[in-house]
Structure formats: structure tokens, C-alpha cells
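K.L.:
One structure, as C-alpha cells, below. Some questions next.
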Amino acid sequence: MIKLLKSGEAETIVQADELNVDGVLIDDLKARKIAKLRGLKVIGTIGILVDAKEKGVISELKPLLDLLISKKIRISKELYDHALKMTNEE
């Protein structure tokens, strides 16, 4: 199953298993599903940014999401809107 993933995501999951960690940072949808099937907690880049906003580490999420998009990072409209709603920036 891991052979279907890009090498970075596959290595992340294998290392998590070997090191017996609870969770991983992965954005790729297929890799996230596989990591969850292996019992790992998964968070993505946007989840990290939402946590940072909630903890006061960053003051605004929207400019960072827009920067990611400008750097060709794909973020669905639904996820974008949901993240802004979660952080009261809608």
C-alpha cells in the first residue's frame, strides 16, 4: 500500500511506525488515509496554521493561506473557507 505514495509521504509513515510516534504532518490525501489506517493521528499544514492562530502564535490566517496559494500550494475553496470560519476570519 505504501508503494503507491510519493517517497516523502511513504518514508514519513514508515518512520512514524518505526519510532512509535502518535502522529504525522502530511497534506497528501492518499497518504493521510493510509496513515490513519495505520492508526496515526494526522494533521496538515492548514491544521498547524489554525492551531497557531488559536494559540495566538499568528494573528491572521488568511494572509498565510493566500501566500500558500500564491506559491502554487493547492487548497480547495471548501478547506480555505472552513479554516477561515474556524478562526473567525470569514
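Just so you know, all these numbers are worked out from the coordinates, no wet-lab data involved. Predicted model only: the values in this text are computed from it and were never measured. Note: ideal-geometry Cβ built from the backbone for every residue, glycine included; neighbour counts use all protein chains shown.
K.L.:
What number of residues in the range 9-41 are without any contact (Cβ under 8 Å) to a residue 12 or more places away in the chain, under 27 Å from Lys72 (Cβ atoms) and in a loop (DSSP other than H, G, I, E, B)?
P.N.:
Of the residues in the range 9-41, 0 are without any contact (Cβ under 8 Å) to a residue 12 or more places away in the chain, under 27 Å from Lys72 (Cβ atoms) and in a loop (DSSP other than H, G, I, E, B).
K.L.:
Within the range 71-90, take every residue that is among the acidic types (Asp, Glu) and part of a helix (DSSP H, G or I) and give me the one that is surrounded by the fewest Cβ atoms within 10 Å (Cβ to Cβ).
P.N.:
Only one residue fits best here, namely Glu78.
K.L.:
Now a separate question. Count, please, the residues in the range 45-65 that happen to be over 11 Å from Leu84 (Cα atoms) and of a type in the set (D, E, K, R).
P.N.:
3
K.L.:
Please go through the range 50-67 and pick out each residue that is assigned to a helix (DSSP H, G or I), hydrophobic (A, V, I, L, M, F, W, C) and crowded, with 16+ Cβ neighbours inside 10 Å.
P.N.:
Correct list: Val50, Leu64, Leu65.
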